[in-house]
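Data block below; observations after.
The values are calculated or read from the model by the stated rules, or taken from the named source; none is laboratory data. Quick caveat: nothing in here was measured; it's all calculated off a predicted structure. For neighbour counting, all protein chains shown are included, and Cβ atoms are generated from backbone atoms with ideal geometry for every residue, glycine included.
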Amino acid sequence: MDDELIYHYGKYTALLQKFIAIVNSQIKEVRNKMNKQEEEYKQKKVEVKLYKEEIINAKKGNDVILVNKYEEMLKSAEEEMKTAKIKKTEEMEKLKVLFPQLKISKEKLEWVESQTKAIGKNEEYILEQWKIRNQTLINEKINFVEYLQNGSKLIKEIKEADDLLNQIEHKFVEGKK
C-alpha cells in the first residue's frame, strides 16, 4: 500500500514539476512581450512628440502640405502608441492569471512532498487530505482549461492520478475490512 502511494505521489510530483516549468516559461514569455510593448510604446511616444514639434515648425513656415503630412503621421503614431499600451495591458492580464496558478502549484508540490514524508504515520489521514486536494484539483481544472492552451495533456494526467487514488482508496478500504 505504501509503495503504491509513494509511486502515486511521485507521479503527481512529476506532473506538478512539469506544470510549474510550463507556467514559468509562459511567465517569461509574457514578460518579454510586455517589455517589447513597453519599448514600442516609448518609441511611439517620442515620435508623437517629434511630430508635434514639426507641426509647430511647419505652421510657422505656413506650409499647409507639410502640416497635413505631419498631422497624418502624428495620428498614425498616436494610434500605434495606443495599440502598444493595450497589448501591454493584455499581457499584464495574462500575468494576473499565471502567477496564482504558479503559487498554487508550488503549494501543492510542497504538500505532496510533505505527505510523502508522512507515509506510514497516519494513512487514513493522508487519504482524507488527498481527497480534499483532489477535489480542489478538479475545481481548478476548469480554470486551467480556460487559461492554458497546452494544459489539456496535464489535465488528462491529473484525471489519471485521481482514478489511481480512487483505486488506492478502494484497496485501503478493503484492507481495513
For E78, indicate whether it is surrounded by 12 or more Cβ atoms within 10 Å (Cβ to Cβ) and either farther than 27 Å from L165 by Cα or in contact with a strand residue (DSSP E or B) (Cβ under 7 Å, 6 or more places away or on another chain) (or both).
yes
Out of the residues in the stretch 114-129 that are part of a helix (DSSP H, G or I) and loosely packed, with under 13 Cβ neighbours inside 10 Å, state the one that is modelled with the lowest pLDDT.
E124
Is there a residue in the stretch 4-17 that is modelled with pLDDT under 90, charged (D, E, K, R) and closer than 23 Å to K159 by Cα?
yes
One residue is enough: does the stretch 154-173 have a residue meeting the conditions in a helix (DSSP H, G or I), under 16 Å from the mean Cα position of the chain (by Cα) and modelled with pLDDT under 80?
yes
Checked K85, K103 against criteria (out of contact with any Phe, Trp or Tyr (no Cβ under 7 Å at 6 or more places or on another chain) and assigned to a helix (DSSP H, G or I)); the one match is K103
Scan (1) closer than 26 Å to H8 by Cα; (2) modelled with pLDDT under 80; (3) surrounded by 11 or more Cβ atoms within 10 Å (Cβ to Cβ) for the single condition Y147 breaks and write down its number.
(1)
If you scan the stretch 10-45, which residues turn out to be aliphatic (A, V, I, L, M) and surrounded by 14 or more Cβ atoms within 10 Å (Cβ to Cβ)?
L15, L16, I20, I22, V23, I27, V30, M34
Test: N57 is out of contact with any strand residue (DSSP E or B) (no Cβ under 9 Å at 6 or more places or on another chain), at pLDDT 90 or above and part of a helix (DSSP H, G or I)
no
Quick one: V64 ticks every box in (1) at pLDDT 90 or above; (2) surrounded by fewer than 14 Cβ atoms within 10 Å (Cβ to Cβ); (3) among the β-branched types (V, I, T) except a single one, so which number is it?
(1)
Based on what the data block shows, is K45 over 19 Å from K85 (Cα atoms) and either part of a helix (DSSP H, G or I) or of a type in the set (F, W, Y) (or both)?
no
